[in-house]
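Chemist: Before I ask anything, let me first share the structure, which is written out below as structure tokens.
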Amino acid sequence: MMYPRLAFDNIRKNARTYIPYILTCSFTIAMFYIMKSLSLNKGIESIQGGSTILTMLELGTHIIAIFVCIFLFYTNSFLMKNRKKEFGVFNILGMEKRHISKLVGFESLYAAVISFTLGIFIGVILDKLMFILILKIMKSEIPLGFHISKGAILSTVILFGILFTLIFLNSLRMIHLSKPIELLKGGNTGEKEPKAKWLLALMGIICLGAGYYIAVTVKNPLKALTLFFVAVILVIVGTYLIFTAGSIALLKILKANKKYYYKTNHFISVSGMIYRMKQNAVGLANICILSTMVLVTLSPTVAMIVGIEDIIMQRYPYQLEFNAYSVDEDKYQGIVDIVDETAKEENIKITEQVIYSSLQFSALYTGGDEFFFGDDTSDMSMLDNVYELNFITAKDYSAFIGKEITLNDDEVIFYSDRVKYNKDSFKLFGKTYNIKEHTDKYIRSGLMASDICPSFGIVVKDISTLKDLQKEQAKVYNDASSNIVSCCKLNIDGDAETQVALNDKIWKKMESYIHENDISYYTECREEGRESAYGLYGGLFFLGIFLSVLFTIAAVLIIYYKQISEGYNDKKQFEIMQKVGMSEHEVKKSIHSQVLTVFFLPLITAGIHTVFSFPIIRKILSMMNLTNTNLFVISGICVFIAFAVIYAAIYLMTAKVYYKIVKK
């Protein structure tokens with residue numbers, strides 16, 4: 001029984017390092033359990049849009065699993081470093097490495113059991129609250145009852161059981177590869193004063209600059225989505241290189257400044273940090289990357305959930321849409337008649353109705369006055385030149401604006417959306433079209449509202465011209481060519497239930513007509529789309545909150561362990577300085593100087609990273625119909641301020657812990 005008792009005493013005596021580690025393990029276990037339990041929850045699957053949010057939750061379990069594996073290995077290394085001297089004493093007193101291994105085995109077992117018990121307990125308690133939160137976000141009814149997911153518990157036990165086993169084996173490896181004298185000296189081995197590595201700093205600047213350049217210059221949302229991860233990797237690599245080389249250079253500059261350096265509080269902090277900057281740099285870079293992850297993850301998800309109604313209105317400009325592909329005007333009039341008759345029978349007033357035929361296809365535009373089609377439009381370099389062309393007839397446009405418009409064969413009315421086209425003519429399929437008028441009024445479309453690529457609305461003479469254009473683009477796109485779509489869009493005087501009910505009744509009446517006339521069709525209802533949107537954006541928001549909490553916990557723990565490690569390393573220095581007359585007040589000033597010198601660099605750098613990521617994230621968000629730039633900016637500022645407050649609180653806490661360690 002000696003080893004179990006000794007292991008328990010070791011955990012108790014090292015509570016300052018073990019308790020944060022056990023709490024972190026418990027919270028990560030709870031978070032994984034909650035995410036896995038929700039992804040298996042049949043109650044979410046049964047609600048409208050539930051399949052989308054379940055996909056988000058399943059993705060979240062994989063992200064958390066990968067991150068937790070890396071993070072717990074990283075934090076365990078702090079524990080082992082601080083315990084090396086203790087193990088060295090045991091070794092010198094006669095304990096062999098196999099005995100130390102048994103001791104570490106019991107400590108690992110205690111930590112795992114406590115973490116599992118606490119983590120599963122917290123997870124089960126919070127699981128119901130998270131389920132209620134999801135239903136609130138999706139505006140669904142909240143069922144009674146309590147749910148414990150056996151499948152989630154099994155997955156959690158398997159994942160963390162394997163993880164704790166691997167961490168234990170890694171600890172054994174570190175113990176068996178170390179010599180007794182190395183264990184006894186622990187982490188107190190001194191380092192030579194590092195040299196400023198300008199080549200490394202230059203490589204960091206190049207990587208960071210390349211990542212920033214991609215983020216700022218990308219124009220096409222599809223290209224932004226593809227290049228986003230390239231930019232992320234470049235910024236991460238650049239951050240590590242900049243912190244590794246730049247932090248050393250910063251301290252050397254401070255050391256060279258005699259007015260700054262030769263002050264009691266600055267002298268001790270700078271001289272102490274400069275010898276450990278290799279270790280410091282990696283820790284600071286990790287904190288910076290995690291802080292950036294919090295800001296970049298949370299800012300867009302907050303903007304999406306706050307602006308979800310704007311997104312829905314952009315995507316669904318009209319409450320109801322009834323569309324048919326390649327149908328004659330007479331046949332489509334039958335669909336319109338069914339819509340009007342059903343609304344009249346149900347005593348529902350149609351407040352706005354738009355009926356028209358349209359043709360949409362993509363073309364390349366690089367300036368000048370010609371739209372063309374390349375041999376390889378899948379080339380990434382051409383994405384910035386892709387434009388969506390939307391054609392309607394003068395007859396339908398006249399009905400829309402309430403004014404008679406007549407056009408010749410080679411005349412058009414031109415509408416520019418976001419990107420202006422100010423020329424008097426353009427060429428398409430070898431034919432020149434003269435622009436009779438530039439207009440700022442056009443039939444709203446969900447596709448045109450999204451910012452996947454710039455859109456131009458073009459009014460042509462008649463349906464014959466529309467069919468000619470359809471034939472020409474079919475020669476280019478073959479099987480991928482677009483068809484003429486006949487549309488009936490309307491708004492009604494009624495609530496959400498009325499809209500859904502009318503939509504269902506119209507299509508029930510229309511089923512036989514569609515079948516008899518062999519018409520291909522699709523319909524859209526804003527209220528049904530709203531439920532799907534809340535499922536998608538609610539899932540992203542929930543996932544963003546969860547991951548942000550996880551990243552914040554990771555950053556807090558790294559900062560905490562970093563300060564504890566440095567506190568123990570600096571303890572002897574401060575003891576000597578206090579013996580030769582350094583006051584308690586001067587010790588505190590030196591501590592604050594040391595922490596402040598580099599502590600807020602990760603936060604400032606994370607803020608800079610987030611600012612440069614704004615253009616590329618905005619492009620990606622535009623694909624999801626979030627085009628409200630001001631909302632995104634305000635969300636980003638609010639998230640940064642909130643995180644900065646948490647960061648400052650961490651500073652105050654860690655400075656206090658650091659002081660308790662080093663004071664006499």
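Quick note: the coordinates plus some simple rules give every number you see, no bench work behind them. Keep in mind it's a predicted model, so treat the numbers as computed, not measured. Heads up, the Cβs are rebuilt from the backbone with ideal geometry, glycines too, and the neighbour counts pull from every protein chain shown.
Chemist: Report the equivalent ellipsoid semi-axes for the range 317-526 in whole Å, largest first, defined as the square roots of five times the eigenvalues of the gyration tensor built from alpha carbon atoms.
Modeler: 32, 18, 17
Chemist: Right, another one. What is the distance in Å between the Cα centres of the range 303-348 and the range 613-664?
Modeler: Distance between centres, Cα-based: 42 Å.
Chemist: Right, here's the next one. List VAL633, VAL459 from most exposed to least, where exposure is judged by having the fewest other Cβ atoms within 10 Å.
Modeler: Going from sparsest to densest Cβ surroundings: VAL633, VAL459.
Chemist: Can you put HIS147, HIS176, HIS609 in order, fewest other beta carbons within 10 Å first?
Modeler: Starting with the residue having the fewest Cβ neighbours, the order is HIS176, HIS147, HIS609.
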